[in-house]
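Structure record follows, encoded as structure tokens.
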Amino acid sequence: MVAAVGWILVGAILGRAGTDMYEFMYERVFADPPPLAEQLSEIVSRAARDDFRLIEQRSVNLRGVGAPARIMIFRPTEPFGGISDELRVYDTRDGRFRERLTFRPAVPLELAPESLNPTIFQGRPLENWFERRSHGRSFVFRFKTVDDLNGTRGDEVILDIAEVAMQPIWPRPVYLSWNPSTEQYQLRSLLSPLTTNLRSMRPMLTRSYSRPGDFARFLIEESYRYADPIRDATGHSPPLQPFAVEAYVVEPSQSYDPRGTQGGAIVLHTGYFVRGRAHASVDLLQLLTWRVNLSEPVIRAQHGWSNRLVLIELKWSGHTLDQIVRRSASRAEEAMRTLLPGQGPIRLQG
């Protein structure tokens, strides 16, 4: 009797599961999808149940043809403790949102260097940076540029992955695009050991204006020098290894080949703090310019000023670092045409 009742219950459970599966497949294959706004609301609601909130979204024509993609950035409700933003890209097909790319930055736990004097951080946004690094590092995504950068009639997106220390710092430029060969969206580093052919940034950054123990020397050795590997915590996308900068701006450019001039290149102007004993006393920025070719399957970034040292004296006159970098880059180009080799560094007022 007990066995019979048991089999009846099993049959009922299996029957219910089969009914649920049938209804799920019917809705997926035959039923009309709900409106896109309703689907979007459901995506946001599911993220909220996982303690993520939608902070920004954009509709971008990444393919050049067809319906635009929807790019969404979700932020954890508790932004510290090793949990980072999640970037998602959705396509719209047959009236349904289809998730095509996901990336949530994560790095191995890392303690702060014991050799650095932590007093240089006290009373400033980085004062508990050491404690947070020991519990895991958090990152945020920020849109930088959305434009047709490689001449394919579709938009490309440049974002940065910035570390969180009360505010976003040390952005790492990355490039989101559509790959027609693989028919997939891809997220790639613009400045990395692979694109720059540099194992580290040490040959590019001057150490002449800082001493061991200075905040600027710490940045050069610990933040700018090496490209930290960043994996996707969701496990869906390949890892990235971008170099960090202090500030950067993007300008469209042209690429050149034997057949003539064509689109598909950008210029990255990047800035790095190189003088300052403490966080509040940083007053010298080194400027580098990179020519980045986006039209080839493998991104290449080439330093554009023949290793000429360009320094910006910071006056902090109300302009942001990005604005200072943009203004100084154009003045540096003019100085390159007038100064002779061997005349020392180019010094500009920020």
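Coordinate-derived values only; no laboratory data. Computed from a prediction, not measured in an experiment: that's the story for all the values here. Ideal geometry is used to build each Cβ from the backbone, glycine not excepted, and the neighbour counts take in all protein chains shown.
Miscellaneous remarks
- Hz values of 3J(HN,Hα) by residue in region 174-189 - Karplus curve (6.51, -1.76, 1.60), Gly and Pro given as x: 10, 10, 9, 8, 9, 9, x, 5, 9, 6, 9, 7, 9, 10, 9, 6
- Across region 32-44, computed HN-Hα scalar couplings (Karplus, 6.51 cos²θ - 1.76 cosθ + 1.60, θ = phi - 60°) run 5, x, x, x, 4, 4, 5, 5, 4, 4, 5, 4, 5 Hz from first to last residue, x flagging Gly and Pro.
- Model label sites at ALA48 and GLN167, defined 7 Å from Cα along the beta-carbon direction, differ in position by 3.1 nm.
- Proxy reagent accessibility, fewest Cβ within 10 Å first, across GLU156, GLU251: GLU251, GLU156
- ³J(HN,Hα), Karplus 6.51/-1.76/1.60, whole Hz, each residue of region 206-215, x for Gly, Pro: 6, 10, 6, 10, 9, 10, x, x, 5, 4
- Taking amide H atoms as placed 1.01 Å from N in the peptide plane, the amide H of GLY350 lies under 5 Å from those of GLU313, LEU314, LYS315, each 5 or more residues away in sequence or on another chain.
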